[in-house]
Every structure is written in C-alpha cells, then in structure tokens.
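The values are calculated or read from the model by the stated rules, or taken from the named source; none is laboratory data. Here the structure is a predicted model, which means the values were calculated and not measured. FYI the Cβ positions are ideal-geometry reconstructions off the backbone, even for glycines, and counts take in every protein chain you see.
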Amino acid sequence: MKGKSQPAFPVAPDEYHSDGVIMQCAQSWPGMSIRQYFAAKALNGLLANSDIIDCGTPAAIEGASNLAFAFADEMIKISEGE
C-alpha cells in the first residue's frame, strides 16, 4: 500500500494457536496513517518555533495545522519519487 493512507506503524496479524490450529486475527484498525504521523511530526516542529506560529488564535492554529499537512503531503510525494 502506498500513499497517504498507508499505516505509519504496520503490524502483522496476530496468530493464535488453538489445539494445534493456527488462527490469524487481523487488526481491525491499523492506527494512524503515514500522513497523520508526518503531519504530527511537522506540527511539533512548527509549535516549537514561536517565530512561525502564535498559538493563541484560532486562525493561527488552523494555519499551523494546514501547514503541517502540507509538509506531510510533500514528504509522501518525495518518498514515492514523484
């Protein structure tokens, strides 16, 4: 799976042994997407720099969030060689 929806931390299905029979149980939710993970990392950096963001206003919060996802999208684009 590629792109924005691929899981950030993919895991193999769990295996359970019952009387010698292997049963696999797939994860029902793979967790956050790689896009969400990259955006969270970018937002962390943005919020650490007071010159970039003033966290006191709703407009600033929305702007920082949009910028974080823009960074995430670009990181995904570059990692896929586009």
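Conditions: (1) at pLDDT 60 or above; (2) surrounded by 10 or more Cβ atoms within 10 Å (Cβ to Cβ). Gln27 meets all but one. Number of the miss?
Result: Gln27 fails condition (1) only.
Provide a single number: the residues in the range 42-62 that are surrounded by 14 or more Cβ atoms within 10 Å (Cβ to Cβ) and modelled with pLDDT under 80.
Looking only at that region, the number is 1.
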